[in-house]
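K.L.:
Here you go, one structure.
The numbers here are math on the coordinates, done by the rules we state, and not lab data. It should be emphasised that the depicted structure is a prediction, and the values quoted were computed from it without experimental measurement. Cβ: placed from backbone, ideal geometry, glycine included. Neighbour counts: every protein chain shown.
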Ligand code: GAR
């Protein structure tokens with residue numbers, strides 16, 4: 001049987017992309033990363049995808065006439081590659097109807113807080129500044145809202161008194177890199 005094809009969307013460093021790739025190599029994740037989509041041509045993750053020979057669709061939103069136009073191109077690529085699941089891993093844009101409708105219930109996101117606390121940008125900084133004693137990681141289905149879709153998995157991370165913002169980021173990302181591949185595997189094996 002051929003492996004489930006997934007696409008990873010990322011705009012940053014790509015440490016979660018790395019974790020997904022590693023999990024696919026080691027067998028923790030029974031899927032093929034058949035496409036990396038990025039809206040940031042100079043992002044580190046784009047370089048990593050090229051090194052790993054992951055096929056890419058890299059675009060610059062400036063070259064398009066708005067979200068509908070670039071999402072139409074993304075959908076075309078996803079369909080061409082027969083992608084079944086879209087995995088957002090630091091893709092910092094709201095998903096619009098053009099992409100959401102054909103992939104409804106098949107787009108998941110990871111967010112570095114215990115949603116519904118601290119949605120949106122810089123969740124780790126928001127939690128740190130708020131002085132919470134517990135934050136964590138949420139994996140959820142994507143809907144039209146900002147980090148509002150149905151929650152699939154969460155894991156708490158303690159914020160110790162002597163932690164810096166960077167320490168908290170490291171602790172959260174360590175959880176992300178284990179929890180995301182495991183959760184993706186559960187979802188795709190249930191075919192939900
Ligand atoms: C991750 O921590 C992810 O949770 C966060 O972006 C980071 C990407 O890091 N996503 C969001 O904040 C989404 N709202 P990475 O490029 O090293 O994987």
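K.L.:
So, in the stretch 1-17, of the ones that are touching a strand residue (DSSP E or B) at 6+ places or on another chain (Cβ under 7 Å), within 15 Å of the ligand (Cβ to nearest atom) and outside any strand (DSSP E or B), which residue ends up nearest to residue 54 (Cα to Cα)?
P.N.:
Out of the qualifying residues, it is 17.
K.L.:
Could you list, in sequence order, the residues of the stretch 24-38 that are out of contact with any strand residue (DSSP E or B) (no Cβ under 9 Å at 6 or more places or on another chain) and closer than 15 Å to residue 183 by Cβ?
P.N.:
28 - this is the single residue of the stretch 24-38 that is out of contact with any strand residue (DSSP E or B) (no Cβ under 9 Å at 6 or more places or on another chain) and closer than 15 Å to residue 183 by Cβ.
K.L.:
Can you tell me which residue is surrounded by the most Cβ atoms within 10 Å (Cβ to Cβ) among those in the stretch 65-98 that are on the phi > 0 side of the Ramachandran plot and touching a residue at least 40 places away in the same chain (Cβ under 8 Å)? First the steps, then the outcome.
P.N.:
Pass one, the stretch 65-98, residues on the phi > 0 side of the Ramachandran plot: 66, 82, 90.
Next, only the ones that are touching a residue at least 40 places away in the same chain (Cβ under 8 Å) stay: 82, 90.
Working: 82: 11, 90: 23.
Checked the stretch 65-98; the qualifying residue surrounded by the most Cβ atoms within 10 Å (Cβ to Cβ) is 90.
K.L.:
Only one of 149, 120, 125 is part of a loop (DSSP other than H, G, I, E, B), in contact (Cβ under 8 Å) with a residue 40 or more places away in the chain and either on the phi < 0 side of the Ramachandran plot or within 14 Å of the ligand (Cβ to nearest atom) (or both); which?
P.N.:
The unique qualifying residue is 149.
K.L.:
Out of the residues in the stretch 128-144 that are away from the ligand (no atom under 11 Å from the Cβ) and touching a residue at least 40 places away in the same chain (Cβ under 8 Å), state the one that is surrounded by the most Cβ atoms within 10 Å (Cβ to Cβ).
P.N.:
128
K.L.:
Next up: Does the stretch 32-47 hold any residues that are over 21 Å from residue 111 (Cβ atoms) and either within 11 Å of the ligand (Cβ to nearest atom) or touching a residue at least 12 places away in the same chain (Cβ under 8 Å) (or both), and which are they?
P.N.:
Result: 32, 34, 35, 41, 46.
K.L.:
If you go through the stretch 53-64, how many residues are in a loop (DSSP other than H, G, I, E, B) and free of Cβ contacts under 8 Å to residues at least 24 places away in the same chain?
P.N.:
Looking only at the stretch 53-64, we keep the residues that are in a loop (DSSP other than H, G, I, E, B), and these are 53-55, 59-60, 64.
Narrowing the set further to residues that are free of Cβ contacts under 8 Å to residues at least 24 places away in the same chain leaves 53, 59-60, 64.
Residues flagged as in a loop (DSSP other than H, G, I, E, B) and free of Cβ contacts under 8 Å to residues at least 24 places away in the same chain within the stretch 53-64 amount to 4.
K.L.:
Inside the stretch 81-117, can you point out the residues that are more than 8 Å from the ligand (Cβ to nearest atom), farther than 20 Å from residue 189 by Cα and not in a loop (DSSP other than H, G, I, E, B)?
P.N.:
97, 98, 99, 100
K.L.:
Can you report the number of residues in the stretch 27-52 which are crowded, with 23+ Cβ neighbours inside 10 Å and not in a strand (DSSP E or B)?
P.N.:
Within the stretch 27-52, residues that are crowded, with 23+ Cβ neighbours inside 10 Å and not in a strand (DSSP E or B) number 3.
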